[in-house]
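The values are calculated or read from the model by the stated rules, or taken from the named source; none is laboratory data. The structure presented is a predicted model; accordingly, all values stated were derived computationally and were not measured. Cβ coordinates were reconstructed from backbone atoms using ideal geometry, including for glycine residues, and neighbour counts include every protein chain displayed. Accessible surface areas use protein heavy atoms only, side chains included; no ligands, DNA or RNA. Shrake-Rupley method; radii C 1.70, N 1.55, O 1.52, S 1.80 Å.
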Amino acid sequence: QVQLVESGGGLVQPGGSLRLSCAVSENIFNFNAMGWYRQAPGKQRELVAAITGGGGTNYADSVKGRFTISRDNAKNTVYLQMNSLKPEDTAVYYCNALKMRVTGREDYWGRGTQVTVSS
């Protein structure tokens, strides 16, 4: 099966930066899109950023201008650069790989990495 492994989370002060990495067990070109989601305690999981197979990107309004999603196809890795972090960014961040099939979408998930923004 497809495996996704996140890394790079940790504790950072407000205004600081982190870069998350997602290592995928197969060529990320096999997926229609890659994305980062996050889930804060007591809240629903939300899409933070996504990058399509064609290289287009999409961001949640709350992170636009601060976060950047990118990929390295040769390394089968997707990144999320997070700058100007705020306490409200605190959440578990999950890597997502999407395959679109005629029957519907097929999602693969990593186990998540904790990001805590606190002074």
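Among the residues of the stretch 14-43, write down those that are more than 16 Å from Leu4 (Cα to Cα), of a type in the set (A, V, I, L, M, F, W, C) and free of Cβ contacts under 8 Å to residues at least 60 places away in the same chain.
Of everything in the stretch 14-43, just one residue is more than 16 Å from Leu4 (Cα to Cα), of a type in the set (A, V, I, L, M, F, W, C) and free of Cβ contacts under 8 Å to residues at least 60 places away in the same chain, namely Ala40.
Has the stretch 96-111 got at least one residue that is at pLDDT 95 or above, outside any loop (DSSP other than H, G, I, E, B), hydrophobic (A, V, I, L, M, F, W, C) and within 21 Å of Gly16 (Cα to Cα)?
no
Restricting to the stretch 44-56, and then to whatever is more than 14 Å from Ala97 (Cα to Cα) and touching a residue at least 12 places away in the same chain (Cβ under 8 Å), can you tell me which residue is least open to solvent (accessible area, probe 1.4 Å)?
Among them, the one singled out is Glu46.
For the stretch 44-74, give me each residue that is of a type in the set (Lys, Arg) and in contact with a strand residue (DSSP E or B) (Cβ under 8 Å, 6 or more places away or on another chain).
Arg45, Arg66, Arg71
Give me the pairs: first residue in the stretch 63-90 and in contact (Cβ under 8 Å) with a residue 40 or more places away in the chain, second residue in a helix (DSSP H, G or I) and open to solvent by 60 Å² or more (accessible area, probe 1.4 Å), beta-carbon distance under 7 Å, and six or more apart or on different chains, which are they?
As it stands, the answer is Asn73/Phe29, since those pairs meet every condition given.
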